[in-house]
Amino acid sequence: MTHDNTTITSNQQDNLENDQTLQYFTGIRQQEPETSVAITAIRTLIDVINRSSAGTMSQLSRELKSAVLLLTTQTDSSMPSVKSGCELFLRFITLAKFDTFEIDECRQKLIERGEVFLERTLSSRQRIAEYSQEFIVDGSIILTHSYSRVVLALLAYASKFSRFKVYVTESEPDKSGLQMREELEAIGIPSICILDASVAYIMEKVTLVLMGAEAVVESGGIINKIGTFNIAIAAHEMNKPFYVASESFKFVRYYPLNNCDLPDHFKYKASTIARSNGKNLESEHPLVDYTPPAYITLLFTDIGTLTPSAVSDELIKLYI
């Protein structure tokens, strides 16, 4: 009987901690919508360390892995971004050796390293904007897709030095391109929202295509909002440069060969998968697609301007 009570108490404690983790993550998403989901996930993991009462490093490690699993299966945010951000964060904070420290000292050192990592990620967009400036010149006509915070920051910075116009796809099914156009107009950048189906028609007028990414995979390809691959094909056919702006914390150790290789938790919301109850998801609309590296000209990142073939080398550096 005592064992059963102990098990129930332990389960209740786990459920409470899970609820607190999800509430913290959701709270940031609601109060700070401009913060990327990857950074939100990193801040949530730092909070998990702060709240932890683990008595050993192995126990704390299990709590962090459990939190990562929770964030990647129980939230409706971008799974590729959450996965890559969490993996790099855990890799970075555990690089130091903690064998000679007490658990409280270890916890404090993990928090300190976590704050350092978070500070680096927060300055990523500014570095990306600076690296990409030379590619956006006066008179450019730019096509972008959906809503991307890093693309918005890049264009805001470029507008200080050049005059250009932006076409933004409406981006069904959530019409997130409308928000992108509104925010571009608010900072004085002329913008026109176009139908997703008119991309090939508009491509003739375009100087370059500029995309964000939810994740950059090992091949140098990207996972991004559904419709990105369509645009890449049109740009490739008409010899238009296709640029991608992405923070390095979105680099993920994954190597899809095509769109069929993308796992369901990348393509659909967690609530959609739960609602399907393991049934066929073919009737559901995927939220993202995979664009192979052959269609990408360059990637603007906080660690430099990269060709797609250089991504695998940078991933090795990030994880070793």
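Points to keep in mind about this one:
Yes/no matrix, rows are residues, columns are (1) part of a loop (DSSP other than H, G, I, E, B); (2) of a type in the set (D, E, K, R); (3) touching a residue at least 60 places away in the same chain (Cβ under 8 Å):
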| site | (1), (2), (3) |
| --- | --- |
| 218 | yes, yes, yes |
| 231 | no, no, yes |
| 235 | no, no, yes |
| 255 | yes, no, no |
| 260 | no, no, no |
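- For beta carbons closer than 7 Å, sequence separation of 6+ or different chains, a first residue in segment 40-68 that is under 15 Å from residue 19 (Cα atoms) and a second that is in a loop (DSSP other than H, G, I, E, B) and not aliphatic (A, V, I, L, M), the qualifying pairs are 63/52.
- Residue within segment 251-272 that is assigned by the TED database to the domain that holds residue 172, closer than 17 Å to residue 212 by Cα and more than 16 Å from the chain's Cα centre (by Cα) present: no
- Taking segment 239-266 as the range and being modelled with pLDDT of 90 or more and of a type in the set (D, E, K, R) as the test, the residues that pass are 240, 247, 250, 261.
- Scanning segment 148-174 for residues that are over 15 Å from residue 132 (Cβ atoms), open to solvent by 30 Å² or more (accessible area, probe 1.4 Å) and modelled with pLDDT of 95 or more yields a total of 3.
- Members of segment 101-134 found to be open to solvent by 60 Å² or more (accessible area, probe 1.4 Å), closer than 22 Å to residue 59 by Cβ and of a type in the set (A, V, I, L, M, F, W, C), listed by number: 101
- Matching entry among 287, 195 (being open to solvent by 30 Å² or more (accessible area, probe 1.4 Å), closer than 29 Å to residue 165 by Cβ, in the same structural domain as residue 166 (by the TED database) and modelled with pLDDT under 95): 287
- Failed item, numbered, when residue 180 is tested on (1) assigned to a helix (DSSP H, G or I); (2) over 17 Å from residue 297 (Cα atoms); (3) open to solvent by 10 Å² or more (accessible area, probe 1.4 Å): (3)
- Against the list (1) among the acidic types (Asp, Glu); (2) over 21 Å from residue 225 (Cα atoms); (3) open to solvent by less than 60 Å² (accessible area, probe 1.4 Å), the condition residue 185 fails is (3).
- Test: residue in segment 267-282 that is modelled with pLDDT of 95 or more, over 29 Å from residue 91 (Cβ atoms) and either surrounded by fewer than 15 Cβ atoms within 10 Å (Cβ to Cβ) or touching a Phe, Trp or Tyr at 6+ places or on another chain (Cβ under 7 Å) (or both): no
- Tally, over segment 203-216, of residues that are open to solvent by 10 Å² or more (accessible area, probe 1.4 Å) and either assigned to a helix (DSSP H, G or I) or within 27 Å of residue 122 (Cα to Cα) (or both): 1
- Matching helices (runs of 4 or more DSSP H) fully within segment 1-87 where at least 2 residues are at pLDDT below 85: 2-31, 57-73
- Residues that are over 23 Å from residue 117 (Cα atoms), touching a helix residue (DSSP H, G or I) at 6+ places or on another chain (Cβ under 8 Å) and of a type outside the set (A, V, I, L, M) within segment 238-254 comprise 240, 241, 242, 243, listed in sequence order.
- Top-ranked residue of segment 237-252 - restricted to ones that are assigned to a loop (DSSP other than H, G, I, E, B) and out of contact with any Asp or Glu (no Cβ under 6 Å at 6 or more places or on another chain), ranked as surrounded by the most Cβ atoms within 10 Å (Cβ to Cβ): 246
The values are calculated or read from the model by the stated rules, or taken from the named source; none is laboratory data. Please read all numbers here as calculations on a predicted model, not as lab measurements. Here the Cβ is made from the backbone with ideal geometry for all residues, glycine too, and neighbour counts use every protein chain on show. These area figures cover heavy atoms from the full protein model, side chains too; ligands, DNA and RNA do not enter into them. Shrake-Rupley method; radii C 1.70, N 1.55, O 1.52, S 1.80 Å.
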